[in-house]
Amino acid sequence: MENITTLTSEQITKDLMPQQFGRNGKIWVAILVLICLIGAYAYYLQLKDGLIVTNMRDYVSWGIYISNFVFFVAISLVGSLITAVFRLANVEWSTPLTRIAEIIAVSAITFASLIIIVDMGRPERLLNLFAYGRIQSPIMWDVIVITTYLFISILLLYIPLLPDLKIMGEQDTKGPKWLKKFYRFLGSFWKGNPAQEKISNKSITILCILIIPVAFCIHTVTSWLFATTYRPGWDSTNFGAYFISGAFLVGAGAVVTAMFVVRKMYSLEKYITEEHFDKMGKIVVLLALLYLYFNVNEYLVPAFKMKKAEEGHLDELFTGQFAPLFWFAILVGMVIPILVLVTKKGRKPLPMFITGIMVVVGAWFKRYLIVTPTLLHPFLPMTNVPENFKHYFPSWEEWAIALGSLSGALLIITFFVRIFPIIPIQETITQQNEKATS
Amino acid sequence: MKKLHHNILKLLVTLCCFATAGQTANAQSDSVPATKIIRMHYYNVNNSMQYILLESQLKKEKTFTPQANKTYNLYLDSAANLVAMLKTDKDGKAKAFIPPTLKAAWEGSSQHTFIVKEGDEELVSDYVITKSKIDIDTANEDGARVINVSVMKMDNNEWKPAAGVELKVGFERLGGILSAGDEETYTTDSTGTVKVTVTKDSLPGNEKGIITIAARADDNETFGNLLAEKNISWGLPTEINTHFFDQRALWTTRFRTPIWLLAMAYSIVIGVWGTLIYLIFQVIKIRKLGRT
């Protein structure tokens with residue numbers, strides 16, 4: 001960010017203030033709202049007729065809802081990586097990215113919670129988890145840890161936002177009155193005096209320390225939902241680390257994608273520079289190599305032994321009906337991004353944006369491959385069951401709900417960007433002042 | 001060329017012959033008539049519960065197919081005494097108890113004939129049962145446990161010994177009868193009794209050592225199916241291991257969670273949420289500092 005040291009505080013504030021949606025922004029919001037409404041209608045049908053509207057049956061009882069859940073949980077981990085790990089390690093260049101990472105975390109974990117309720121079929125039975133929950137069950141651990149992570153993420157989003165809320169409340173902009181009132185309600189008490197600064201900094205440091213183990217727990221517990229079940233493909237001691245490495249990768253891919261879009265839409269080239277893309281590119285390469293390493297462990301070792309029960313599952317993945325999807329996820333989600341981003345030219349904004357999307361799309365299909373093929377390969381053969389029990393392809397209602405949830409998460413991010421500064425204003429000014437004086 | 005035409009003609013004729021032969025065989029198979037089979041089984045359990053089990057099947061060649069949802073009328077001795085209107089289940093079976101309304105007719109004779117009709121068609125009219133009873137008595141003879149089973153039949157309103165009845169005598173085990181002595185079955189003598197010396201003397205019973213003695217006659221031509229049972233404390237008392245369900249384990253109910261898990265889970269939850277509550281108070285503190 002060397003090139004912003006010459007900017008005045010007023011200029012930075014003006015540049016980073018949230019802006020009203022342009023024509024493209026409105027079209028974007030309209031598309032997302034439309035997809036959400038179709039998803040809501042599909043969910044209404046599911047509530048009315050039950051889970052029979054899905055193509056999940058006795059064997060595949062976890063379909064794309066659970067794939068989506070794992071995807072959301074994975075992507076939410078980026079909040080702990082960019083915000084907490086980088087902040088604790090004094091990585092100053094990450095400042096413009098912290099809020100992007102944190103809002104991705106909050107929106108993803110919100111929809112992870114919602115999609116689980118959708119998968120239950122009978123949402124009112126959620127209360128039974130609290131009334132009759134068994135602490136011995138990994139599902140109960142997941143409920144506790146997701147709630148905790150959501151709460152920490154909201155706090156980690158809110159406390160660093162306080163100085164910016166004061167700035168926005170004071171700005172004489174043309175925005176709607178309710179928005180001004182909203183800013184004042186959230187942060188009018190922030191005066192920026194030393195006592196407040198001290199408490200705020202201390203609270204942020206505590207949150208950063210706290211969120212890292214909780215983030216590790218959230219995805220480890222999600223992996224244990226699978227690994228504690230004795231099934232081909234899930235029976236692995238590698239699963240916790242495998243899930244966390246994959247989560248950091250998809251989260252970083254999502255941040256890269258969001259960085260590019262925000263930079264382009266709000267003309268923030270002075271704040272999110274090519275240097276940021278270059279550094280994030282190197283991080284994505286590191287994370288992709290790490291995830292690839294765990295994938296080799298996860299598939300090569302069982303394939304080397306080729307136990308009878310694992311054979312059908314692995315054959316389906318490597319050469320069978322899931323092979324195109326499997327190799328797509330490996331190549332597009334890991335190998336190609338590594339090959340592109342390992343070069344300096346590959347770490348320019350546009351190639352970074354494309355590889356970011358590849359990582360995210362590859363990661364979604366990877367989650368589908370973790371969940372579904374295993375369920376189609378039980379230890380006991382499937383006999384005397386209807387033919388449609390032996391296959392799974394999601395119904396239109398499942399697709400609509402899954403896409404609706406993804407759109408919902410994007411809508412939260414979009415509205416956040418519209419209402420709040422996506423790059424911390426006060427922190428940017430402070431950093432610039434510190435650099436100017438040093 | 002002429003030879004080729006000749007060969008094609010021969011081939012067509014052969015194919016026609018095969019096709020005709022196949023159709024004839026199928027037609028013959030279809031023309032075999034199916035036969036209705038009605039089987040009757042009389043049961044007398046512990047001399048107090050009598051019922052009839054009817055089985056309806058369709059026999060075609062060597063295949064028996066259960067006749068589901070068929071309706072039959074079952075009569076006792078004559079069409080005036082309707083026992084029940086029976087409807088067969090998916091296995092082609094239906095059960096009927098002797099109703100209290102037929103008590104006088106039932107007690108009035110030593111022998112009874114059961115008649116089955118489907119509509120006006122009489123399907124069974126020769127299923128005859130002689131009333132009988134079966135009793136179990138136990139004794140200790142020179143330190144050996146003995147089971148005495150007597151079978152009596154009704155003859156001119158008097159109970160008389162039923163000789164030559166083949167019985168299984170033993171202990172009820174897993175839905176079957178484990179023979180109490182060395183023989184698989186026993187036959188009643190002229191006094192209508194069998195005497196079985198128990199050779200299996202260390203069978204596990206319930207927690208009080210109670211086991212069930214059973215004597216059973218299967219599909220006897222004269223008396224039908226007879227069963228008598230008697231509980232006796234000849235078994236070894238079984239200690240029911242409730243400890244298995246009492247222990248704290250990962251698979252038990254939430255009230256028996258292992259202490260180590262409770263300690264771990266609650267310490268983490270209290271630690272993390274305690275810190276979060278502290279942080280909320282810090283936010284409140286920031287708020288107060290801004291207001292003052």
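The values are calculated or read from the model by the stated rules, or taken from the named source; none is laboratory data. Since the model is a prediction, treat every value here as computed from it, not as a measurement. All Cβ positions, even for glycine, are placed from backbone atoms using ideal geometry, and neighbour counts span all protein chains on display. Remember, those area values only see protein heavy atoms, side chains included, never the ligands or the DNA or RNA. Shrake-Rupley method; radii C 1.70, N 1.55, O 1.52, S 1.80 Å.
Taking segment A:156-173 and a reference point 7 angstrom along Cα→Cβ of A:Leu179, the backbone N atoms nearer than 15 Å belong to A:165-173. Of B:Ile98, A:Ser94, A:Ile357, which is farthest along the charge dipole of the protein assembly as shown in the positive direction, counting Lys and Arg as +1 and Asp and Glu as -1 at C-beta? Looking along the dipole axis, the top candidate is A:Ser94. For segment B:35-129, the solvent-accessible area works out to 55 Å² per residue, with a probe of 1.4 Å and every protein chain left in place.
With the cut-off at 1.5 for a/c, could you classify segment A:305-430 from its C-alpha gyration tensor as rounded, prolate or oblate? Oblate. Average accessible surface for segment B:132-232: 52 Å² per residue, computed with a 1.4 Å probe over protein heavy atoms with every protein chain in place. Based on C-alpha pairs under 8 angstrom that are at least 6 apart in sequence, chain A has a relative contact order of 33 percent. Mean partner shielding of peptide A:151-160, defined as the number of other chain Cβ atoms within 10 Å of each residue Cβ, is 2. Decide, for segment A:10-85, between rounded, prolate and oblate: order the square roots of the alpha carbon gyration tensor eigenvalues as a ≥ b ≥ c, take rounded if a/c falls under 1.5, and otherwise choose prolate if a/b is larger than b/c, else oblate. Oblate, since a/c reaches 1.5 and b/c is not below a/b. When the accessible area of segment A:322-382 is computed with all protein chains present and a 1.4 Å probe, what percentage of it is carbon and sulfur? Reported share for carbon and sulfur atoms: 85 percent.
The portion of the accessible surface of segment B:35-129 made up by carbon and sulfur, rounded to a whole percent, is 49 (1.4 Å probe; DNA, RNA and ligands excluded).
On the basis of the beta-carbon distance and an R0 of 25 Å, A:Thr8 and A:Glu92 show a calculated FRET efficiency of 0.80. Since only A:Cys36, A:Thr6, A:Phe69 are under comparison, the one whose Cα sits farthest along the positive direction of the charge dipole of segment A:1-69, derived from C-beta charges on Lys, Arg, Asp and Glu, is A:Cys36.
Rounded to the nearest 10 degrees, the inclination of helix A:349-375 to the longest alpha-carbon principal axis of chain A is 30 degrees. In this structure B:Glu107 has an accessible area near 110 Å², from a 1.4 Å probe over the protein heavy atoms.
For chain B, what class follows from the C-alpha gyration tensor (a ≥ b ≥ c being the square roots of its eigenvalues): rounded when a/c is under 1.5, otherwise prolate if a/b is larger than b/c, else oblate? Oblate is the answer for chain B, as a/c is 1.5 or above yet b/c matches or exceeds a/b. Heavy-atom accessible area, probed at 1.4 angstrom with all protein chains present, ranks A:Thr229, A:Thr383 as A:Thr383, A:Thr229, highest first. Of B:Lys200/B:Lys230; A:Lys198/B:Lys288; B:Lys95/B:Lys230; A:Lys14/A:Lys348, which pairs sit farther than 22 Å apart, going by alpha carbon to alpha carbon? Going by Cα-Cα distance, B:Lys95/B:Lys230; A:Lys14/A:Lys348 fall outside the 22 Å limit. The candidates A:Cys208, A:Cys36, A:Cys217, arranged from most to least accessible area with a 1.4 Å probe in the full protein assembly, appear as A:Cys217, A:Cys36, A:Cys208. Residues whose amide H lies under 5 Å from that of B:Leu167, counting only those 5 or more places away or on a different chain, are B:Tyr186, B:Thr187, B:Thr188; hydrogens are built 1.01 Å from N in the peptide plane. Principal-axis analysis of the Cα atoms of chain B puts helix B:259-291 at an angle of about 50° to the longest axis. Interface residues of segment B:250-265, defined as a loss of at least 30 Å² in heavy-atom accessible area between the chain alone and the complex of all protein chains with a 1.4 Å probe, are B:Leu250, B:Arg254, B:Leu261. For B:Arg216, the solvent-accessible surface with a 1.4 Å probe is about 70 Å², rounded to the nearest 10. Quick one: check the C-alpha center-to-center distance for segment B:63-131 versus segment A:341-379, whole angstrom. A separation of 72 Å, based on Cα centres. In this structure, the residue pairs whose Cα-Cα separation is over 30 Å, taken from A:Lys191/A:Lys279; B:Lys103/B:Lys153; A:Lys26/A:Lys181, are A:Lys191/A:Lys279. Provide the percentage of antiparallel DSSP beta bridges, counting only those with both residues in the protein assembly as shown; round to the nearest 5. Of those bridges, close to 95 percent are antiparallel. The value of relative contact order for chain B, using C-alpha pairs under 8 Å at least six residues apart, is 12 percent.
Per residue of peptide A:200-207, the mean number of Cβ atoms on other chains within 10 Å of the residue Cβ is 3.
Between chain B and chain A, roughly 2400 Å² of accessible surface gets buried, counting both sides and using a 1.4 Å probe. Taking the Cα centre of chain B as reference, the dipole from Cβ charges on Lys and Arg (+1) and Asp and Glu (-1) amounts to some 2720 debye.
Solvent-accessible surface of protein heavy atoms, probed at 1.4 angstrom with all chains present, puts B:Phe114, A:Phe365, A:Phe130 in the order A:Phe130, A:Phe365, B:Phe114, largest first. To the nearest 10, the accessible area of A:Val417 is 20 Å² with a 1.4 Å probe. Rounded to the nearest 10 degrees, the inclination of helix A:274-305 to the longest alpha-carbon principal axis of chain A is 20 degrees. Charge dipole of segment B:35-129 (Cα centre as origin; +1 on each Lys and Arg Cβ, -1 on each Asp and Glu Cβ, all else neutral): 380 debye, rounded to the nearest 20.
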